[in-house]
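Inspection log for the structure reproduced underneath, given as structure tokens.
The values are calculated or read from the model by the stated rules, or taken from the named source; none is laboratory data. Please read all numbers here as calculations on a predicted model, not as lab measurements. Cβ: placed from backbone, ideal geometry, glycine included. Neighbour counts: every protein chain shown. Note: areas computed on protein heavy atoms with side chains; ligands, DNA, RNA excluded. Shrake-Rupley method; radii C 1.70, N 1.55, O 1.52, S 1.80 Å.
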Amino acid sequence: MTAAVTTSHRPVDGEKRRTPAVITLLVLATFVVILNETIMLNAIPNLMDSFGVTEHAAQWVSTAFMLTMASVIPVTGWFLQRVTTRTAYATAMAVFIAGTLISAIAPVFGILLAGRVIQAAGTAVMMPLLMTTLMTVVDEHDRGRVMGNVTMAISVAPALGPTISGLILGFGSWRLLFLLVLPIAIGVAWSGLRRLENVGETSESTVDWASVVIAALGFGSLVYGLSRFAEGEVGRPVVIAAVGAVLIVGFVFRQLHLQRVGTPLLDLRAFQHSTFTKALVLMAIAFLAMMGSMILLPLYLQTVRGLSPLMTGLLVMPGGLAMGLLGPTVGRIFDTYGGRVLVIPGSVGIVVALAGLSQISLTTPYLLVLVLHLVLMVSLAAAFTPVFTLGLGSLPSHLYSHGSSILGTLQQVAAAFGTALAVTVMSVRSDQVIDEVGAVAAQVSGLQAAFMVSAALALIVVVMAVLLPARAEGYGESDEESAESAEDSAADPDGDIDAELAELCEHGREPAVCGC
């Protein structure tokens, strides 16, 4: 059963180069909420002084945010199909604003932590909502350009977070980090609700609460275990991560069962589309490498070279800005020439940049570090926009929300794993040589080893890039051809939803609505 809501029409040729207003609004809102994921990184000393907590406890303002994201995102696939675009937007922004207000006025550290959890719950909805809406309302031949604009926002936000927080903390309390965001978030939410229109159709479905609990415990435990492992612990974090992995396996089996007898919380039939699966692997490894570099470079610049957090943020900011600002250009190239001309050189650039960073020393010029980081970010920009577009574009429309949720969840896991791997390799190598070369030189050796391991893993990105097609399956098909594809997919005995959608096509429903 579906409840009809306003459906956006595909743009005609004269409108193809215009970004739909709904996407612009969602990009702006997503920028605001994602900025808060990294804005607290420089505030740890301030929180320690303000609340009298240890550094380990203060780190929880970031750890709790990441854990909540990993736990909530798997549920968004069902949630976005269940509610209208306006309802999802209003819910996400209201929750985020509430969390921001609670954090700003928190009298004790526990209240601040609760505010960050609430903030993250709202943030977790925005990225899948943006990606799902984009894939629904943007014409296939124009998705690269629009996805490039999206990449610009979601790349610049985390890059600017530490720099902005460093500037603000130089003039006032950590509370300003929330008090300055609060009116901006309220203004964005109000503007969006005034102009936002509903997109697509909702579906009436029940939620499997067992899947919700298993997903939250599984992904939350895995990310928590990996994050604690990255901070130097071994025994308990490994056990927690292992329990999380087992729960995730149980979650997968339950979703496969529900695909046959009910409604899955996260529809894993997205993995039946090979382009989506390849794009997912490429994105995960590339994101892992990016997060590893984001933790290693500040360690090198601050601990080894003695730079302040603000100077560190300024040095790496050009790379983040370049990654974001190149997004629209990368998107236009993708629309014209396809993904391979971008993804293959981009993947090679990732390997080259990480290999170059593995040669850093006590005297490496800062300019060289900046250039290598810039090459890494530009290469990631060349890869991410085509990979997101190819991966989601290869799915039928009824799987857009689930595909977006899978991508978002894997990003959180890859971020935790990348951080844990980088810190572990660095620590192991440093411990091996510290007696021979001294503490500082040992840390440099550990950093070199960690970057080299990341470069080796990035070779998988090159392989996946070669295997990816230039276009998603069905690119440029007419509606009639797309309907025939849906009818063919209905032959799958486990694909009851696909069969129903194919039948709707035969009865004259709009392909964009019924999932062709």
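Since T63 meets every condition but one in (1) farther than 13 Å from L113 by Cα; (2) in a helix (DSSP H, G or I); (3) β-branched (V, I, T); (4) open to solvent by 10 Å² or more (accessible area, probe 1.4 Å), which condition does it not meet?
Unmet for T63, out of (1) farther than 13 Å from L113 by Cα; (2) in a helix (DSSP H, G or I); (3) β-branched (V, I, T); (4) open to solvent by 10 Å² or more (accessible area, probe 1.4 Å): (1).
Can you tell me which residue among L410, L399 is surrounded by fewer than 21 Cβ atoms within 10 Å (Cβ to Cβ) and more than 20 Å from T303 (Cα to Cα)?
Details: L399 fails: surrounded by fewer than 21 Cβ atoms within 10 Å (Cβ to Cβ).
Step by step, each of L410, L399 is checked, and only L410 is surrounded by fewer than 21 Cβ atoms within 10 Å (Cβ to Cβ) and more than 20 Å from T303 (Cα to Cα).
Residue by residue through the stretch 163-179, note down the ones that are closer than 20 Å to L101 by Cα and not hydrophobic (A, V, I, L, M, F, W, C).
Narrowing the stretch 163-179 to residues closer than 20 Å to L101 by Cα: 164-165, 168-169, 172-179.
Within the stretch 163-179, S165, G172, S173, R175 qualify.
Considering only the stretch 402-516, give the helices (runs of 4 or more DSSP H) lying wholly within it that have at least 1 residues that are in contact with an Asp or Glu (Cβ under 9 Å, 6 or more places away or on another chain) and at pLDDT 50 or above. Reasoning before the result, please.
Details: elements: 439-467, 479-489, 496-506, 511-514.
Passing ranges, in order: 439-467.
Name the one entry in A57, A98, A92 that is modelled with pLDDT under 80 and aliphatic (A, V, I, L, M).
On the way: A98 fails: modelled with pLDDT under 80; A92 fails: modelled with pLDDT under 80.
Criteria check complete, one pass: A57.
Considering only the stretch 201-221, I want to know if a residue exists there that is at pLDDT 85 or above, touching a Pro at 6+ places or on another chain (Cβ under 7 Å), aliphatic (A, V, I, L, M) and surrounded by 19 or more Cβ atoms within 10 Å (Cβ to Cβ).
yes
Would you please list the contacts, defined by Cβ atoms under 6 Å and residues six or more apart or on different chains, that run from a residue in the stretch 414-433 that is within 18 Å of I360 (Cα to Cα) to a residue that is at pLDDT 80 or above and surrounded by fewer than 24 Cβ atoms within 10 Å (Cβ to Cβ)?
Note: pairs meeting the criteria are V425/A449; V425/V453; R429/S445; R429/A449; S430/A442; S430/Q443; V433/A442; V433/S445.
In the stretch 238-256, what residues are closer than 15 Å to S211 by Cα, hydrophobic (A, V, I, L, M, F, W, C) and open to solvent by 50 Å² or more (accessible area, probe 1.4 Å)?
The initial filter retains those residues of the stretch 238-256 that are closer than 15 Å to S211 by Cα, namely 244-256.
Applying the additional criterion that residues be hydrophobic (A, V, I, L, M, F, W, C) yields 245-249, 251-253, 256.
Of everything in the stretch 238-256, those that are closer than 15 Å to S211 by Cα, hydrophobic (A, V, I, L, M, F, W, C) and open to solvent by 50 Å² or more (accessible area, probe 1.4 Å) turn out to be V246, L247, V249, V252, F253, L256.
Could you identify the single residue in L193, L160, L167 that is part of a helix (DSSP H, G or I), surrounded by fewer than 17 Cβ atoms within 10 Å (Cβ to Cβ) and modelled with pLDDT under 80? Walk me through it before giving the result.
Working: L193 fails: modelled with pLDDT under 80; L160 fails: surrounded by fewer than 17 Cβ atoms within 10 Å (Cβ to Cβ).
After ruling out the rest, the residue left standing is L167.
Cβ contacts < 8 Å: first residue β-branched (V, I, T), restricted to the stretch 280-293; second residue part of a helix (DSSP H, G or I), any location; separation 6+ or different chain. Result?
That search, which allows pairs on different chains as well, returns V281/I460; V281/M464; I285/A414; I285/L457; I285/A458; I285/I460; I285/V461; I285/M464.
Of everything in the stretch 66-121, what is open to solvent by 40 Å² or more (accessible area, probe 1.4 Å) and either under 21 Å from V22 (Cβ atoms) or of a type in the set (D, E) (or both)? Give them in sequence order.
Selection gives F79, Q81, R82, R86, T87, T91, A94, V95.
In the stretch 25-40, what residues are of a type outside the set (V, I, T) and open to solvent by 10 Å² or more (accessible area, probe 1.4 Å)?
Here is the first cut: in the stretch 25-40, the ones of a type outside the set (V, I, T) are 25-26, 28-29, 31, 35-37, 40.
Within the stretch 25-40, L25, L28, F31, L35, E37 qualify.
Yes or no: I434 buried (at least 20 other Cβ atoms within 10 Å of the Cβ) and of a type in the set (A, V, I, L, M)? Let's see the steps before the verdict.
Details: buried (at least 20 other Cβ atoms within 10 Å of the Cβ): no; of a type in the set (A, V, I, L, M): yes.
Against the criterion (buried (at least 20 other Cβ atoms within 10 Å of the Cβ) and of a type in the set (A, V, I, L, M)), I434 does not qualify.
Please pick out the residue among T329, T389, T385 that is among the β-branched types (V, I, T) and surrounded by fewer than 21 Cβ atoms within 10 Å (Cβ to Cβ).
On the way: T389 fails: surrounded by fewer than 21 Cβ atoms within 10 Å (Cβ to Cβ); T385 fails: surrounded by fewer than 21 Cβ atoms within 10 Å (Cβ to Cβ).
Going through T329, T389, T385 in turn, the sole match is T329.
Within the bounds of the stretch 41-50, is there any residue that is under 26 Å from A210 (Cα atoms) and open to solvent by less than 50 Å² (accessible area, probe 1.4 Å)? I'd like the intermediate steps shown before the answer.
Here is the first cut: in the stretch 41-50, the residues under 26 Å from A210 (Cα atoms) are none.
The answer is no, given that none of the residues of the stretch 41-50 is under 26 Å from A210 (Cα atoms) and open to solvent by less than 50 Å² (accessible area, probe 1.4 Å).
Restricting to the stretch 234-282, what's the tally of residues that are out of contact with any helix residue (DSSP H, G or I) (no Cβ under 6 Å at 6 or more places or on another chain), more than 30 Å from A382 (Cβ to Cβ) and not small (G, A, S)?
Count: 15.
Restrict the check to the stretch 64-81 and report whether at least one residue is farther than 28 Å from G225 by Cα and either among the charged types (D, E, K, R) or at pLDDT below 85 (or both). Please lay out each step first, then the result.
Of the stretch 64-81, the ones farther than 28 Å from G225 by Cα are 80-81.
Applying the additional criterion that residues be either among the charged types (D, E, K, R) or at pLDDT below 85 (or both) yields 80-81.
Among the residues of the stretch 64-81, at least one is farther than 28 Å from G225 by Cα and either among the charged types (D, E, K, R) or at pLDDT below 85 (or both), which makes the answer yes.
I need the helices (runs of 4 or more DSSP H) fully contained in the stretch 265-358, keeping only those with at least 2 residues that are among the charged types (D, E, K, R).
Details: elements: 274-298, 309-325, 327-337, 340-357.
In the stretch 265-358, the matching helices (runs of 4 or more DSSP H) lie at 327-337.
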